[in-house]
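Derivation of every value follows stated rules applied to the coordinates shown; laboratory data play no part. The shown structure was predicted, so the numbers you read here are calculated from the model rather than taken from an experiment. Don't worry about glycine lacking a Cβ; one is built from the backbone with ideal geometry, like all the others, and counts go over all protein chains shown.
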Amino acid sequence: MRIPTVSLFALALLAAPIQTSMSHPDGGRAVTDKGTTMKHHAKGAFDVKLQPLEAYNKNADAGLGRMSIDKQFHGELDATSQGEMLHAGSAKGSGGYVAVERVTGTLGGKRGSFALQHNATMTNGAPYLNIIVVPGSGTGELVGLDGTMKIIIEAGGKHFYEFDYTLAQ
C-alpha cells in the first residue's frame, strides 16, 4: 500500500524528536463549582499506532489526509485511547494536523475517560504542538478534569508524555 506524501508529513511530525509547547485558554486553571482543585503532574511512556484512513477529499493534489490513532499509555496514566487525525502538508517539512482522541483508563488511581484535542504545525521542520483536555469531557472519577499534555519523542522514536492537570475535589 502506498502512503500518500501528506501522510508521510504527519508521520514525520509525530516521529520527530520534539518537545511540545503547552498553553491553555484559561492559563491552566480549573474552575469548578466546588471551588477546590488539586494540581497534579503525571508522566510515563506510551505506544502509538497510526493507520491511514480513506480521505474525504479524494483529490491527490488537495494535500489532505486522515489517520486513525491508537495509543497505550503507561505509568501514572494507565489507559488506552482511540482517535482520528486530519492533516495537511508537504514533504518539505511544513504542514499541520488536528486530532481528537478519547482516553479511557485510570489517572492517578481515578477511573474514567476524557478527550484530548491536538493542534499542531511544523514550519520548515520546527514543530509546535498544543494538546488540551476538552472541557467537560471527563467521566466517572475524572469529571472536572482540566489540563495540558506534553509529548516528548526521543531520537530513537520512544514516546513519553507529561500531563499537567487539575481535578476538582
Add +1 for every Lys or Arg and -1 for every Asp or Glu among the other residues with Cβ under 13 Å from the Cβ of TYR97, and state the total. -1
Sites THR123 and LYS58 - FRET efficiency at Förster radius 22 Å, r taken between beta-carbons, to 0.05: 0.20
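State the extension gain, in nm to one decimal, for the chain segment bounded by HIS74 and VAL143, taking 0.36 nm per residue of separation less the distance between their alpha-carbons.
Working it through step by step, the gained length comes to 22.7 nm.
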With label points set 7 Å from each Cα along the Cα-to-Cβ direction at SER94 and LYS49, the distance between them in nm comes to 3.5 nm
Quick one: net charge of GLY83's neighbours, Cβ under 9 Å, K/R +1, D/E -1? -1
